[in-house]
Amino acid sequence: MEAATPKTLQEAVVYFADPDNCREYVVARRWPNGVTCPTCGNAKVSFLKNQNKWQCSSHHAKRQFSVKTGTIFDDSPISLDKWLCATWLIVNCKNGISSCEVARDLGITQKSAWHLMHRVRRAMYTGTIEKLSGHVEVDETFIGGKARNMHVAKRLRRITGTGGKDKTPVIGILERGGKVRTAVVPNRKKKALQSEVRKHVEAGSALYTDFLLSYEGLAGDYAHQVVDHAVEYVDGAAHTNGLENYWSLLKRSISGTYVSVEPYHLFRYLDEQSFRYNNRRDMNDADRFDLAVRQIVGKRLTWAEVTGKTETAHSS
Ligand SMILES: [Zn+2]
């Protein structure tokens, strides 16, 4: 039986200062039915207390493994208490937290914090295929550039439909009263936008988009209504206010906390924000942390992947 788990950051810092607590917390979520070998799946493993590792009874390479093996914590010299406290901070800071701040809080270098945070974001990506339905808002935005110009830029793109060279187009799909999906898209053309809509929204749903030719042709599968931004007031259900609010939250988080985000890494920040948003209801900080830790298995992220040598972007 697990001891009472932490409910606040302060309790988490105290609780995870004990390496046994760290291990037991992760074990209970990684192996709820008992520890098994990550290489062969064998349940006949023995715990080597002095090494804080297990050994598989089968004869193969890599017989010994730790709770970090095969997770986002794999091969990291950073201790589990720091990993877990960083995870707590990241999943629960509504507006995000910078790598400088995490570095200071944990006493690690900014570069280590940056790498660690990208791995945690990886755990926050669920890759769900569950489709959105009901009343669904669809909108695009551009991310990047200077924060103080964002408002003007946003107004400009409404008129010109372009985002500028330093900005990355992002599509957002929001089920009213439900979850959000966001993805970096190559452009705002029909093919790019509609494939995201069809991937994430159940046919037959009510769809609200702005007046962009790229959305033409969706009426066959959806009850499609176009929002007229030139009209000051909002008439009934035809609006994308939910997503407008989401974009401002996202942009505040990115421009206020992260200073600048390279387009390549943008999808990870999108994942981070949608994780917090999609797990905001009926969940407290401890629940969100618990969920993130459950998602760590099998999501090891190498330096090569973080720096863009092997992995490709996805939608979240
Ligand atoms: Zn084994």
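Residue by residue through region 1-13, note down the ones that are open to solvent by 40 Å² or more (accessible area, probe 1.4 Å), touching a helix residue (DSSP H, G or I) at 6+ places or on another chain (Cβ under 9 Å) and modelled with pLDDT of 90 or more. Residues satisfying the conditions are LYS7, THR8, LEU9, GLU11, VAL13. Remark: pairs (first residue in region 244-270, small (Gly, Ala, Ser); second residue part of a helix (DSSP H, G or I) and at pLDDT 85 or above; Cβ separation under 8 Å; 6+ apart in sequence or on different chains) = SER253/TYR269; SER253/GLN273. For region 30-42, filtering for residues that are within 9 Å of the ligand (Cβ to nearest atom) and without any contact (Cβ under 8 Å) to a residue 24 or more places away in the chain leaves 4. Do we find that GLY172 is at pLDDT below 95 and surrounded by 13 or more Cβ atoms within 10 Å (Cβ to Cβ) in this structure? Answer is no for this residue. For region 76-116, residues that are within 18 Å of ASP285 (Cα to Cα) and at pLDDT below 90 total 5.
ILE78 meets each of the listed conditions (1) open to solvent by less than 30 Å² (accessible area, probe 1.4 Å); (2) within 16 Å of the ligand (Cβ to nearest atom); (3) in a loop (DSSP other than H, G, I, E, B) apart from (2).
Counting only helices (runs of 4 or more DSSP H) wholly contained in region 213-304, the ones carrying 2 or more residues that are open to solvent by less than 50 Å² (accessible area, probe 1.4 Å), under 26 Å from TRP31 (Cβ atoms) and at pLDDT 85 or above occupy 266-278, 285-294. In the set ILE129, ILE90, ILE97, only one residue is out of contact with any strand residue (DSSP E or B) (no Cβ under 9 Å at 6 or more places or on another chain), under 30 Å from TYR269 (Cβ atoms), β-branched (Val, Ile, Thr) and not in a loop (DSSP other than H, G, I, E, B); that residue is ILE90. Residues that are under 19 Å from ALA286 (Cα atoms) and exposed (fewer than 15 other Cβ atoms within 10 Å of the Cβ) within region 25-45 comprise just one, PRO32. When VAL27, VAL67, VAL45 are checked against the criterion of being within 16 Å of the ligand (Cβ to nearest atom), without any contact (Cβ under 8 Å) to a residue 60 or more places away in the chain and within 26 Å of ALA4 (Cβ to Cβ), a single residue qualifies: VAL67.
The values are calculated or read from the model by the stated rules, or taken from the named source; none is laboratory data. Please read all numbers here as calculations on a predicted model, not as lab measurements. For neighbour counting, all protein chains shown are included, and Cβ atoms are generated from backbone atoms with ideal geometry for every residue, glycine included. Quick note on the areas: whole protein, heavy atoms, side chains included, nothing else; ligands and nucleic acids left out. Shrake-Rupley method; radii C 1.70, N 1.55, O 1.52, S 1.80 Å.
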